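Colleague: Input: one structure, supplied below.
What follows is calculated from the coordinates using simple rules that are stated; it is not laboratory data. Only a predicted model underlies this, so the values are computations on that prediction, with no experimental measurement involved. Neighbour counts run over all protein chains shown; Cβ positions are idealised from the backbone, glycine included.
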Amino acid sequence: MQALKKVAILGRPNVGKSSLFNRLARQRDAITSDVSGTTRDIKKRIVTISGNRDFEVIDTGGIDYSSDLFSKVAEFSLRAAKQADVIIYMVDGKSIPSEEDRALFYRLQEQKKPLALVVNKIDNDKEEERYWEFLEFGADRTFPMSVSHNRYFNDFYEWLEAYIPAKEEEAPLALTEDKTIDPFEEIIRDINMEVEEEADNEIRVAIIGRVNTGKSSLLNALLGEERSVVSDVAGTTIDPIDEMIEHKDHQITFIDTAGIRRRSKIVGIEKYALGRTTTMLEQANLVLLMIDATVGVTELDERVAGLIEKHRLACLIVINKWDIREDKSYEEMVDDIRDELRFLHYAPLITISAKTGMRVHKILDQITEIYGRYKQRISTSKLNDVLREAMSRHHVPSHNGAVVKIKFATQYETKPPKIALISNRPEFVHFSYKRYLANYLRSKFDFEGVPLDIVARKRGERIDEE
C-alpha cells in the first residue's frame, strides 16, 4: 500500500487552523474558539477528497514565541512541517500582513515543498480586497478563504488534489492505528498536561482587609453556613480557611485571610498569619477588598490596595456595614474611596451588609463576571483597529525630534491581560501615552475589575518580561 501524503496546517495563533482541520476532516474534533493558542497538541486525521484520494492532515499549535511554553509548541509545529509533504500556511485576512508571518512563510519556503498561503476570514466579497495585500509574500499559490462560512474552497481543493495521488487499490474503511509512541508527540502531551493544570473555570478568591472589617462574616454569608469562627473580638481568624462552592459553572475557592495588622502590632502567630496572607495573594486570581463603611479608608487600607496592585489581581471593592454607617451618602463615600484607592481605579464597588445579607448575593455574579474579563483575550485585528483609532485622535509624541512609531499591538498574555506595543523606539513611548491607550482600550473593551498591563517592545524582542 502506498504511503499517505502528509499535509500540515501551520500559522500563528487564532488564524483558523483548527477550523480548516475540522472542515477537511468533516468533523468537530479540534477545539476551536476565539482565544489565541487554543491548540497545543498535534492532531492528525485521515481525509479523503474527490472520492479516491487519501491523505493525512496535521493540525499544529500556533507559532508564537511570546513565552517559553509557546516557543516549544512553535518548534514542534515547525518540526511537523518538516515531516509533511505539503504545507498550508494560514494568516488572518482581517489584519494587515505582519513581519512575523512573512518571516515564518519564507522559512517554510526554504523546504522546497508544495506550499500554499491561505488568507482566512475573507467572509464576503467586500472583504476580498484585503487578500491582495498578502500577494506580496510571493507564494506560488495564495487562496482567499472563509473557513467559517465555507467560501472560496474550490480552487484550494483543486490545488491540493494535484499533490495527493489517487488510490492504487481500495483501502479498508477503518485504518489500523499505530500504537507506537512517538517521543515528539509524547512531549506535546506533557505540554498539554502542564497547560491544563489550571482550568479556566476555577477561581481563587482572597478576602482581605483590615482587622474586624467582616471578612469571616462575609465568607459565612456567601457560603450560607458557619464555616469560620465569627466573634466581635478583632483578629479571631488566624489561619486562612479555604472553602469551595460552585456558581454558574465555576468553582470558586474563597481564601479567608487573617486580618492585616499594623506591623508594630504583629506578634507571634499573627505575624505568621500575615505571611500566609501574602502567600495566598500570590495564589489568588481575584480579591475582595473589604472596607468598613463606619470607618472609611485608612492608610492601612491604602497599603492593602498596594498589595493587590503589586500582584496584578482582579478586584472587587466591598464596602461592608453599609446598614450602620452614619452621615455620608453613597456618592460621598464612593468619591472618598476612589480618591484614596487610586491604585484600584479599575475595581468596581459594591455596598453590602455581611451581617444582614444585604446585596451579598450579588457578589458571586460579580466574581464570575470579573474573572471572565480577567482571562479574556482580544483578537489582534480588533485590538489594532482600536489602536489605530486611538492614535488618530492623539498621535504618539515624538522624543527630542525623533519620530516614535507604534507599528501594531498584540495581547501576549491573560490573567491579567497584557498588551505589547511593537515600536521602532519603545524606550520613548512615554508612560502617559501608555496610560492614554489603556484608558482608550477600557472605553472600547470591558476591562472592569481587571488591571491592564501595556508594555512597549521592539519587533523580535521578548515581551514576557518588563
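Colleague: Which whole-percent values make up P(r) of the stretch 380-457 when all C-alpha to C-alpha distances are grouped in 5 Å steps starting at zero?
Modeller: With a bin width of 5 Å, the distribution comes to 3, 15, 29, 29, 15, 6, 2, 0.
Colleague: Going by how many other Cβ atoms sit within 10 Å of their own, how do Val386, Val297 line up, fewest first? Mind showing how you got there, number by number?
Modeller: Details: Val386 17, Val297 21.
Ascending Cβ contact count within 10 Å gives the list Val386, Val297.
Colleague: Tell me which residues come under 5 Å, amide H to amide H, from Phe408 once H is placed; ignore anything under 5 positions away on its chain.
Modeller: Result for Phe408 returns Ile422.
Colleague: Give me the lysines in straight-line cross-link reach of Lys5: C-alpha distance below 17 Å, same-chain residues under 8 apart excluded.
Modeller: Within the straight-line limit of under 17 Å, Lys5 reaches these lysines: Lys43, Lys44, Lys82, Lys112, Lys113, Lys167.
Colleague: Based on the mean of other Cβ atoms within 10 Å per residue, sort peptides 83-93, 329-339 so the most packed one is first. Each step should come with its number before you reach the end.
Modeller: Working: 83-93: 22.5, 329-339: 13.1.
Top to bottom by mean Cβ count within 10 Å: 83-93, 329-339.
Colleague: Give the cross-link partners of Lys94 among the lysines, using a straight C-alpha distance below 17 Å as the criterion and excluding same-chain residues fewer than 8 apart.
Modeller: In chain and number order, the partners are Lys17, Lys121, Lys126, Lys382, Lys407.
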